[in-house]
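Here is the structure we will look at, set down as structure tokens.
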């Protein structure tokens, strides 16, 4: 049986020179790889008490959507600026390459709700930090952050030392 | 029990004046609504023989992802230009509001594969036509197109008269 790592394709120098891009599309295009990824991420949540799943577009939805359905939890999307139609809170942050502004609907969280953040990849942790900021600005409590892949060389865990961070695959570099 | 229509929120004049935006985030943030949406869309595929699911970012992934997992089918993402790391085919098309360029990985389809396209909404059918173009340029055969919502007043079915189009909710207007 293939390991989950073997379904990921590594593309050197995308989208910029020096970046080793971890391509998750070859995971989801194989039903066995996709199932394994979802199951492994769900396993990280066993025993975790939480109310809602928060995930950013677009690749986060590949995993957050089936997990929300399987666990019968609300899925709250975080999107790029201007995409969400109701009143939002927003945050800007630096990406590994470039800058981004993200938004979340104001009425999607009730203060005190326990939140799990799900995404395909954690790199510098900048996106996650911004998402946590949005959740906390609405009174939500981030109890866990679960990723398929983690780039250990970018030290996101230092930045997020007050939070629980779990990943299925750890890459030593950037 | 609430009907699936009751989970959708309608936002007038978003993103532009005159557009009645059908907001699906209130479907997925209610686990019962989300489950109902996925089940109703899956029902449309009962008895359909197909090899892969193709879906566009971002909202399409809310539904295509759990359906691909449930039916153990490959999920092939269509994304905005510049997001996919491997070699792509691309198509430009007019949106209900604005213009867009989308891409699909060249090696994600094998000629002769039967494709189901899944998205949250069909409006003018412009996006779907562009997606069908991408699939066919790689030798894929589009056997079905399944949507949660359809804006009947925009007559996508006229444009896509050679293809099977199914939707769970039909809105009479635009």
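The values are calculated or read from the model by the stated rules, or taken from the named source; none is laboratory data. Just so you know, these numbers come straight off a predicted model, no measurement behind them. Here the Cβ is made from the backbone with ideal geometry for all residues, glycine too, and neighbour counts use every protein chain on show.
From the list B:16, B:57, B:96, exactly one residue is modelled with pLDDT under 95 and closer than 18 Å to residue B:128 by Cβ. Which is it?
B:96
For residue A:48, only one of the following conditions fails: (1) crowded, with 16+ Cβ neighbours inside 10 Å; (2) away from chain B (no Cβ under 11 Å). What is its number?
(1)
If you take the residues in region B:13-35 that are part of a helix (DSSP H, G or I) and at the interface with chain A (Cβ under 7 Å from one of its Cβ atoms), which one is farthest from residue B:151 (Cα to Cα)?
If we take residues in region B:13-35 being part of a helix (DSSP H, G or I) and at the interface with chain A (Cβ under 7 Å from one of its Cβ atoms), then B:31 is farthest from residue B:151 (Cα to Cα).
Across region B:110-159, what is the number of residues that are part of a loop (DSSP other than H, G, I, E, B) and touching a helix residue (DSSP H, G or I) at 6+ places or on another chain (Cβ under 6 Å)?
Of the residues in region B:110-159, 3 are part of a loop (DSSP other than H, G, I, E, B) and touching a helix residue (DSSP H, G or I) at 6+ places or on another chain (Cβ under 6 Å).
Taking region A:74-92 on its own, how many of its residues are without any contact (Cβ under 8 Å) to a residue 40 or more places away in the chain and surrounded by 13 or more Cβ atoms within 10 Å (Cβ to Cβ)? Spell out the reasoning first.
Going residue by residue through region A:74-92, those that are without any contact (Cβ under 8 Å) to a residue 40 or more places away in the chain are A:74-77, A:79-88, A:92.
With surrounded by 13 or more Cβ atoms within 10 Å (Cβ to Cβ) added as a condition, the list becomes A:74-77, A:79-81, A:83-86, A:88.
Qualifying residue count, region A:74-92: 12.
Please work out if residue A:65 is surrounded by fewer than 22 Cβ atoms within 10 Å (Cβ to Cβ), facing chain B (nearest Cβ under 10 Å) and at pLDDT 95 or above.
Details: surrounded by fewer than 22 Cβ atoms within 10 Å (Cβ to Cβ): no; facing chain B (nearest Cβ under 10 Å): yes; at pLDDT 95 or above: yes.
When the stated conditions are applied, residue A:65 does not pass them.
Which residues, counting only those in region B:93-108, are surrounded by 15 or more Cβ atoms within 10 Å (Cβ to Cβ) and either farther than 25 Å from residue B:156 by Cα or in contact (Cβ under 8 Å) with a residue 60 or more places away in the chain (or both)? Before you say what the answer is, go through the steps one by one.
First pass over region B:93-108, keeping only residues surrounded by 15 or more Cβ atoms within 10 Å (Cβ to Cβ): B:93, B:96, B:100, B:102-105, B:108.
The answer is B:96, B:105, B:108.
Mind checking which residues of region A:69-81 are more than 7 Å from chain B (Cβ to nearest Cβ) and over 16 Å from residue A:129 (Cα atoms)?
A:70, A:71, A:81
Could you check region B:89-109 and list, in sequence order, the residues that are closer than 29 Å to residue B:172 by Cα and not in a strand (DSSP E or B)?
Passing the criteria: B:95, B:96, B:97, B:98.
Go through (1) surrounded by 20 or more Cβ atoms within 10 Å (Cβ to Cβ); (2) more than 10 Å from chain B (Cβ to nearest Cβ); (3) touching a residue at least 60 places away in the same chain (Cβ under 8 Å) and name the single condition residue A:60 misses.
Every listed condition holds for residue A:60 apart from (2).
Out of (1) in contact with a helix residue (DSSP H, G or I) (Cβ under 9 Å, 6 or more places away or on another chain); (2) assigned to a loop (DSSP other than H, G, I, E, B); (3) more than 21 Å from residue B:22 (Cα to Cα), what's the single condition that is false for residue B:82?
(1)
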